[in-house]
1. Which residues, counting only those in the range 270-283, are crowded, with 24+ Cβ neighbours inside 10 Å and either of a type in the set (Val, Ile, Thr) or more than 13 Å from the chain's Cα centre (by Cα) (or both)?
2. Using beta carbons and a limit of 8 Å, which pairs, at least six apart or on different chains, have the first residue in the range 175-186 and farther than 19 Å from Ser8 by Cα and the second one of a type in the set (Ser, Thr, Tyr) and part of a helix (DSSP H, G or I)?
3. Which one is surrounded by the most Cβ atoms within 10 Å (Cβ to Cβ), of the residues in the range 142-174 that are touching a residue at least 40 places away in the same chain (Cβ under 8 Å) and among the hydroxyl-bearing types (Ser, Thr, Tyr)?
4. Within the range 285-292, is there a residue that is among the β-branched types (Val, Ile, Thr), under 30 Å from Asn400 (Cα atoms), modelled with pLDDT under 90 and buried (at least 21 other Cβ atoms within 10 Å of the Cβ)?
5. At least 2 residues that are at pLDDT 95 or above in each: list the helices (runs of 4 or more DSSP H) lying fully within the range 173-283 that qualify.
6. Residue check, Phe175 against (1) closer than 20 Å to Met289 by Cα; (2) under 20 Å from the mean Cα position of the chain (by Cα), all met but one. Which one?
7. In the range 73-122, which residues are modelled with pLDDT of 85 or more, open to solvent by less than 60 Å² (accessible area, probe 1.4 Å) and closer than 18 Å to Leu330 by Cα?
Amino acid sequence: MRALRKISLTNQIMIAMVLGILFGAVFQKNIVGIKLVGDLFLRLIQMSVVVLIMGSVIEAVGGLEIKELRKIGVRLVLWFMGSTVVAAAIGIVFGLVFKPGVGLENTLSEVNDLAVNEGGLQEVVLGFIPQNIVSAMAEANMIQVIVFSLMFGLALSVIKSDENSTHILDWISSFNNVVLRMVTMIMKLAPIGIFSLIAAVVGDIGIGVLGTLMKFLLTFGVAAVLYLLIWFVITAVYCKVSLPRLIKNIWRITMIAVTTTSSAISLPIKIEDGREKLGIGDRINKLVMPLGMSLNSNGLSMYLSLSIVTFAQFFSIELGIGQLAQAVLLSTLACLGTVVVPGGGLVALATVMPMLGLPTESIALLAGIDWFSGVFRTLLNVDIDVLVAMIIASDENELNLDIFNGTKSYTELMEQKE
């Protein structure tokens, strides 16, 4: 037990992931029941996500002056939307070059419980605003929760400026610290939970399912990894930091994203490591990370555009320049406030497919490998959120290189301020 404690949590998670794959492959259906343990771990993390998002956004926006919020908000929109559009375009390019839909076997089966958004633009816009914030929280409607939190934080900012009162803001900050501490305690169970989840997934669907769609997965994987590497290089150069150190400091976030395939579950770790390993100031950290989770879905955007091209090739449908441009646009818009839990990619795909005249039932082709493709989706979604936060923090002179380089800890700097 002592030897286990000496192994870092990140390495414990990596070991758990490998063991989960091995146990799932060996015991197959006999180990599926262990998923209960993994689901319990996910529930423990998920139960705090909504209040963590609310608290973080309210604290971040409430602590800003109106002029600062306007300036940072413009940068956020440009980075988020720009990177998501580029990711979708890369998905199109890789699909056209590698042709993952050509020669694909027809293994269609019925896929149920996929919610297709058939409403028009008005319904989409109205869907951003909650009728009842309690209902939005109960349904974990992240985009509505964020809109409410932005408005609440804006009101706090005005009160702080007009009345010089920070009582509510101070209370929310303390509340956020309690939630993060609770998540830190729960994360000690991560190796057990992740082992159970991966063993159950591999045991249930088997490794053999990869054979039919290996070309799609390889195309998606190569595109995702190359795009992420480009982002790492850009961020290292832009922020003037060491590339190897950047990869090392973001590694635990990456492992949580890959093993849970959930942006929501990765959020608490993004906030914690963004502050304590990457040196991102709280003002930027608590604003960019939650907003990025719902508004900056590079992985999902790339997945959707690549899937569209794959299905078009499967059905021998030629897509013109206009249709490809429409695919990029739809893939980008479908990411706004979409489901941020495992399986959300299929729901988003079911929304986009009918808009391009492609049969929804073809989604069944990708249903069997959704967990595996979810690894790459979440990897891009989560890591690029963090890299954008670093870039904006650098612009605002709120990237602490002492913390980033490990010469001083976050706790030491807080003690010095006190």
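1. Ile271, Gly274, Leu278, Gly279, Ile280
2. What qualifies is Asn176/Ser56.
3. For the range 142-174, the residue satisfying everything is Ser149.
4. The answer is yes, given that some residue of the range 285-292 is among the β-branched types (Val, Ile, Thr), under 30 Å from Asn400 (Cα atoms), modelled with pLDDT under 90 and buried (at least 21 other Cβ atoms within 10 Å of the Cβ).
5. So the answer is 214-239, 243-249.
6. Of the numbered conditions (1) closer than 20 Å to Met289 by Cα; (2) under 20 Å from the mean Cα position of the chain (by Cα), the odd one out for Phe175 is (2).
7. Within the range 73-122, Phe80, Gly82, Ser83, Thr84, Ala87, Ala88, Ala89, Ile90, Gly91, Ile92, Phe94, Gly95 meet the criteria.
Residue-wise test of (1) in contact with a Pro (Cβ under 6 Å, 6 or more places away or on another chain); (2) at pLDDT 85 or above; (3) open to solvent by 10 Å² or more (accessible area, probe 1.4 Å).
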site	(1), (2), (3)
Leu295	no, no, yes
Pro342	no, no, yes
Gly345	no, no, no
Ile369	no, no, no
Leu380	no, yes, no
Val386	no, yes, no
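The values are calculated or read from the model by the stated rules, or taken from the named source; none is laboratory data. Not measured: the values here are computed from a predicted model. Please note: Cβ atoms are built from the backbone with ideal geometry, for glycine as well, and neighbour counts cover all protein chains shown. The area values use the complete protein model at the heavy-atom level, side chains included, leaving out ligands, DNA and RNA. Shrake-Rupley method; radii C 1.70, N 1.55, O 1.52, S 1.80 Å.
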